[in-house]
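Colleague: Pasting in a structure now, in structure tokens, and then I'll have a few things to ask.
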Amino acid sequence: MTLRLPLFGRILIWLLLNLFILGVAFGIFVWTELGGESLLGRVAGDRSQAPAGALMAELRDRPIVEWEGAMARFEEAYPVRVILLREDGSRFIGAKLEVPVELVLRLRTFAQQGPGFNDRRSGPPPGQPPENHFEPGPRGSTGPPPPRSGPGPSMGGGRVFVRAGSPAMYWLIHGNPIRGPGLPRGVRMAMVSETLSAGGLFFDVRSWFLAASAVIAVSVLWWFPFVRGITRTVSQISAATGRIAEGRFNTVVPEERGDELGRLGGAINRMSVRLEGLVTGQKRFLGDVAHELCSPLARMEMALGILEQRTDHDTRSYVEDVREEVRHMSTLVNELLLFSKAALNPADAEMTPLPLAAMTRRVVDREMPEATDLTVQVPDELRALGHPELVERAMGNLLRNARNHASAHGPIRIEAVSSGPDEVLWRVVDSGPGVSESELGRLGEPFYRPDKSRSSDTGGTGLGLAIVKTCMAACQGRLELTRGRERGLVATLVLKSTSESRLAGASDGE
């Protein structure tokens, strides 16, 4: 099943996919060209530099035996594990974790390159010790010297940021080696986290999320007026062409746009004017022809009546056959007149509130006065807007159509209901053989009759439903034809509702 999305939704999804692809491409570029791992290490190191410097200052001011307690307090404040590593990658003090082989190789490489290899630009001037090492105290002392005045230890120097181990964790090694009495050579401090953000210590995920949301929001707001303008124009053109297809040729499409859509709207307006002229001319031609045929047919029928009185019994049957054909032609001409009259001046129809129950009774008394399998369910309080003559003619044609083609197959039901706040439905439901889906779409076309169930033997001219459609168009309504649940045809007149009908529908809902 194909997912049907509006044009605006498709463009919006395409925009978001475009932003996603651009973001992935930018991330790949940063990772490959700018050193993704080192870039992440710089970001993580810069964010954690202040807390790590504070921990280093605390360690410097305490004896070595109290370092694990200070590191434990740091772990309580931040969701990381702290461990001091020797230059060979073995654990010295801190969390009991298995050091990944990749990290061990990094540390050994640093040891082979000598001090200051990690980041010579951030190290101290030649001949001076790094700021974050421990100065030896007086001879015989067992702990670090008292705090020095001035700034705290710098977390500059080399940084290593890798994701390794099993289970995989993020390892960040800070600064230059820690030096002091009683410390092995090349001891470095590492922070270990199970997540990339480390609770915001390494990365602030919210800032990245807010930045991405801001980019998406700005992009959507930037494109929204443009996309909305296109989709609104397309919707207007689609609605206008639908009304033109229903025969409402007075529809006008806005032409204020200066692009292809504006030119398309102008072309549709010119097409509707041309179609209106062609269709109106055709209907006027049919009306004129039908009007001109009325008089000759009337004279022919009068002459046949006189001829029938003066002929003998053997030839009278031939005269009766000719008279039957003339009557059939008269019926066709009269329906042509009704069709052209309803179609030529739809704007002249005066809309008034119509009592549907009373009109239904009149139509039933005229078309099916002795029907036994007819059920009528039309509320007395139900009203609809329309022209009385046109609506009653449409009702009569629908009931006559059901009588001629479905009365022998089962009951016929007439019902009317209020549908929503603005519409009233009056329908005829029969139990006849019905029509196929391919034929259903063509019902209502002038002179069209399905071959099997609507043959000319029934006396139809193929104009009954066409007259119903033109009557409904004149009353600003429409005709809907659907198949029954099991068989038969459901013909529905959709009329405009009145305030009384809306109130009645509301009370029925309560």
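Colleague: Given the Cα-Cα distance of SER213 and ALA164 and 0.36 nm per residue of separation, how much length would full extension add, in nm?
Modeller: On the way: separation 49, 0.36 × 49 = 17.64 nm, distance 3.06 nm.
Residue separation times 0.36 nm, minus the Cα-Cα distance, leaves 14.6 nm.
Colleague: Could you pull out which residues in segment 222-248 have an amide N less than 16 Å from a spot 7 Å beyond the Cα of LEU7, following the Cα-Cβ vector?
Modeller: 224-243
Colleague: Can you tell me the length gained on complete extension of the stretch ASP321 to VAL220, counting 0.36 nm per residue apart and subtracting the Cα distance? Can you show the working numbers first?
Modeller: Numbers: separation 101, 0.36 × 101 = 36.36 nm, distance 7.62 nm.
Answer, rounded to one decimal: 28.7 nm.
Colleague: Taking the Cα of GLU255, stepping 7 Å toward and past its beta carbon, and measuring to each backbone N in segment 276-301: which are under 19 Å?
Modeller: Output list for this probe position: 276-278.
Colleague: Taking the highest mean first, how do the peptides 361-367, 184-190 order by number of other beta carbon atoms within 10 angstrom per residue?
Modeller: On the way: 361-367: 15.3, 184-190: 19.0.
Descending mean neighbour count gives 184-190, 361-367.
Colleague: Label VAL101 and ILE230 with points 7 Å out from Cα along Cα→Cβ: what is the distance between them in nm?
Modeller: My value for the distance between the label points is 5.4 nm.
Colleague: Also, quick follow-up: Pop a pseudo-label 7 angstrom from the Cα along the beta-carbon direction at both ARG263 and CYS294 and give the gap in nm to one decimal.
Modeller: 5.0
Where a number appears in this text, it was derived from the coordinates with a stated rule and is not lab data. Treat the numbers as computed from the prediction; the structure is a model and nothing was measured. Note that we place each Cβ from the backbone using ideal geometry, even for glycine, and neighbour counts take in every protein chain shown.
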